[in-house]
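*Asks:* Would you mind keeping the following structure in view while I ask a few things?
No lab work stands behind these numbers, since they all come straight from the coordinates. These numbers come from a predicted model, not from an experiment. Note that we place each Cβ from the backbone using ideal geometry, even for glycine, and neighbour counts take in every protein chain shown.
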Amino acid sequence: MRKDRNYQQLNQQKSLLLPFGKLNQKMKKIFLAIVWCFVIAVQAQDFNQYFEHKTLRLDYVFGGNNQEQFILLDELSSYPLWAGRTHHLNQNVLRGNGQVRVFDKITDKLIYTTSFSTLFQEWLSTDEAVKGNKSFENVFLVPFPKDKVKIELVLFDRDGKEKNKVVHEINPKDILIHRKGIKDITDYEYVQQATDHTKAINVVFVAEGFTKSEMDKFMDAVKISIEQILQHKPFDRYANNFNFIAVKSESSDSGVSVPRTGDWRKTAVESNFDTFYSERYLTTNRIKKLHDILAGIPYEHIIILANTDVYGGGGIYNSYTLTTTGHKDFKPVVVHEFGHSFAGLADEYFYSNDVLSDFISIRSEPWEKNITTLVDFDSKWKNRLKKDTPVPTPEKDADKYKIGVYEGLKGEKIYKATLDCRMKTNQYPEFCPVCQNAIEDLILFYTE
């Protein structure tokens, strides 16, 4: 039976039902409904006590090298609406590679937190970070506070220990908080709307490298992406929980930049291949420009669709997915990359010369739910193993143990639950059971 660790408050409320064990089934359902209403009301009061239904945007610059890093506050902005969660405010399902924490200034109570990963932290594991310094833009969204707050922004090292932290105060009445999203809003439209907008997960698709005359082509790619995501378990069961919104950001040039061929183009978010000199790694470091495009639109999760037939993409947890739309593998890739950005899933393929594999430490348990170093396997899928499953599990026994502990790359001591999964290959048709469980946990966290 699946163990849900994310809803301690609900478990406490369920304990109230124990004395009513002799009530008939109808009465039990009525009582449980009353308890749920009470929990929801308390959560709503908590949000309304501390926040307005607006967004506070935090812009930072991360910089340095693999030995020394810095975090600088760049700008504060506000949006006229809030499109994130209004419950589970002081919780994170995933640790991530960093966290933003919002504290009430008077009581020092944690009133909101979110976790994330960044391109900057990936870069720190490259040879380039040994040789010199570089800076990266980062943007985070939190609900707009009613009173003064303290912000903590923390970056973790490979072992999950706090390495860098910046602490600063924000006065919501500060006249220098830039009001954005009031006018000149990018053209957008809802492609799918959730049943309950108050608990919807808001996902935007951003056009990259599409000129004004190519927006029909972009809209086709958006619809294909939605179809592909919702064909995969467990997204299919929770389709009504998602708002999917197409953002028609026009580019001056068609296509995207490919530095290795000297081809640089003027596009909406200035994405390019060859990130970290890896040919297929397609990213953007123009994060402020990306969020300026989205100002005034309800969004929480971002998928950037690039108008190119060159193979590649990238996905960064709680930052963005970026994928190409013209390649034959567009359909599986957009789902794979959304697994990264939405659910924080790790790649399940490993190469001896893959710079990003160096970001995983075997001295600690990775925070991603679909890989383990066995340092704390109890926190992963141990309870899903069949009795007497060998740990690690030999590949030759894969038919016997559908869920096991299979080494990703011989000798690296990083393990996954199955031999194949959407997070490993484009050919495999679905997420493995462990990935499905991780995705479902996130969906329930956002919506219940």
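*Asks:* Which residues' amide hydrogens lie under 5 Å from the amide hydrogen of Phe431, considering only partners 5 or more residues apart or on another chain, with H built in the peptide plane?
*Replies:* The answer is Lys233, Arg422.
*Asks:* Counting other beta carbons within 10 Å of each residue's own, what order do Ser278, Ser379 fall into, fewest first?
*Replies:* Neighbour counts put them in this order, fewest first: Ser379, Ser278.
*Asks:* OK, next. I need the Debye-formula profile for segment 379-448: one equal scatterer per C-alpha, no solvent, reported as log10 I(q)/I(0) at q = 0.19, 0.20, 0.25 1/Å, two decimals.
*Replies:* -0.81, -0.88, -1.19
*Asks:* Still on this model: What ranking do Glu75, Glu440 get, fewest neighbouring Cβ atoms within 10 angstrom at the top? Let's see the in-between values first.
*Replies:* Numbers: Glu75 14, Glu440 18.
Neighbour counts put them in this order, fewest first: Glu75, Glu440.
*Asks:* Could you list Met219, Met423 in order of exposure, starting from the residue whose Cβ has the fewest other Cβ atoms within 10 Å? Write out the running numbers ahead of the final one.
*Replies:* On the way: Met219 17, Met423 26.
So the residues, fewest neighbours to most, are Met219, Met423.
*Asks:* Relative to the present Cα-Cα distance, how much length would full extension add between Leu176 and Lys217 at 0.36 nm per residue of separation? Present the calculation step by step, with values, prior to reporting the outcome.
*Replies:* Working: separation 41, 0.36 × 41 = 14.76 nm, distance 3.98 nm.
Full extension of this stretch gives 10.8 nm more.
*Asks:* Could the peptides 324-333, 284-293, 61-70 be put in order, highest first, of the mean number of other beta-carbon atoms found within 10 Å of their residues?
*Replies:* 284-293, 324-333, 61-70
*Asks:* Can you give the Kirkwood hydrodynamic radius for segment 47-179, in Å, rounded to one decimal and based on Cα pairs? Let's see the in-between values first.
*Replies:* Details: mean 1/r = 0.0644 Å⁻¹.
Averaging 1/r across every pair of different Cα atoms and inverting gives 15.5 Å.
*Asks:* Run the numbers for Asp74 and Val375: contour at 0.36 nm per residue of separation, minus the present Cα-Cα distance, in nm.
*Replies:* Result: 104.6 nm gained on full extension.
*Asks:* A follow-up question, please. Please turn the phi angles of segment 397-407 into ³J(HN,Hα) values with the Karplus equation 6.51 cos²θ - 1.76 cosθ + 1.60 (θ = phi - 60°), one per residue in order, whole Hz, x for glycine and proline.
*Replies:* Working through the residues one at a time gives 9, 4, 5, 7, 10, 4, 10, x, 9, 9, 6 Hz.
*Asks:* Just to check, using Stokes-Einstein with a Kirkwood Rh over alpha carbon pairs, what's the diffusion coefficient of segment 257-378 at 25 °C and 0.890 mPa s in µm²/s?
*Replies:* Details: Rh = 15.7 Å.
Once the numbers are plugged in, D ends up at 156 µm²/s.
*Asks:* If you take every DSSP beta bridge fully contained in the chain, what fraction is antiparallel? Give it as a percent rounded to 5.
*Replies:* Given both bridge residues lie in the chain, the antiparallel proportion sits at roughly 75 percent.
*Asks:* How would you rank 171-179, 311-319, 104-112, highest first, on the average number of other Cβ atoms within 10 Å across their residues?
*Replies:* 311-319, 104-112, 171-179
*Asks:* A further question on this structure: Taking θ = phi - 60°, what integer Hz values does the Karplus form 6.51 cos²θ - 1.76 cosθ + 1.60 yield along segment 178-191, in sequence order, with x for Gly and Pro?
*Replies:* Once rounded to whole Hz, the list reads 6, 7, 10, x, 8, 9, 6, 6, 4, 4, 8, 8, 6, 9.
*Asks:* On a 20 Å Cα-Cα criterion, which of the cross-link pairs Lys173/Lys289; Lys148/Lys183; Lys54/Lys199 come out too long? Intermediate values should be presented prior to the final figure.
*Replies:* Details: Lys173/Lys289 25 Å; Lys148/Lys183 27 Å; Lys54/Lys199 16 Å.
The answer is Lys173/Lys289; Lys148/Lys183.
*Asks:* Could I ask something else about it? Binning every alpha carbon pair distance of segment 188-343 at 5 Å from zero, what are the percents per bin?
*Replies:* Percent of pairs per bin, in order: 2, 10, 20, 25, 22, 13, 6, 2, 1, 0.
*Asks:* Would you mind checking which residues have amide H under 5 Å from Lys146's amide H? H placed 1.01 Å from N; only 5 or more apart, or other chain.
*Replies:* Phe51, Glu52
*Asks:* Along the charge dipole of the chain, Cβ charges K/R +1 and D/E -1, which of Thr86, His232, Thr283 sits furthest on the positive end?
*Replies:* Thr86
*Asks:* Over 24 Å apart: what share of the alpha carbon pairs of segment 313-405 falls there, rounded to a whole percent?
*Replies:* On the way: 1466 of 4278 pairs.
The calculated P(r) of segment 313-405 puts 34 percent of pairs beyond 24 Å.
*Asks:* Just the Cα atoms of segment 113-226, one point each, no solvent: what log10 I(q)/I(0) does Debye give at q = 0.11, 0.12, 0.20 Å⁻¹?
*Replies:* -0.68, -0.81, -1.20
*Asks:* I would also like to ask the following. Quick one: 3J(HN,Hα) in Hz for segment 260-266, Karplus 6.51/-1.76/1.60 with θ = phi - 60°, rounded, Gly and Pro as x.
*Replies:* With coefficients 6.51, -1.76 and 1.60, one gets 5, 9, x, 9, 10, 10, 8 Hz.
*Asks:* Treat every Asp and Glu Cβ in segment 188-343 as -1 and every Lys and Arg Cβ as +1, leave all other atoms uncharged, and give the resulting dipole magnitude about the Cα centre to the nearest 20 debye.
*Replies:* 160 debye
*Asks:* Report, as a whole number in µm² per second, the diffusion coefficient that Stokes-Einstein gives for the chain at 4 °C and 1.567 mPa s using the Kirkwood radius over alpha carbon pairs.
*Replies:* Working: Rh = 23.1 Å.
Diffusion coefficient, whole number: 56 µm²/s.
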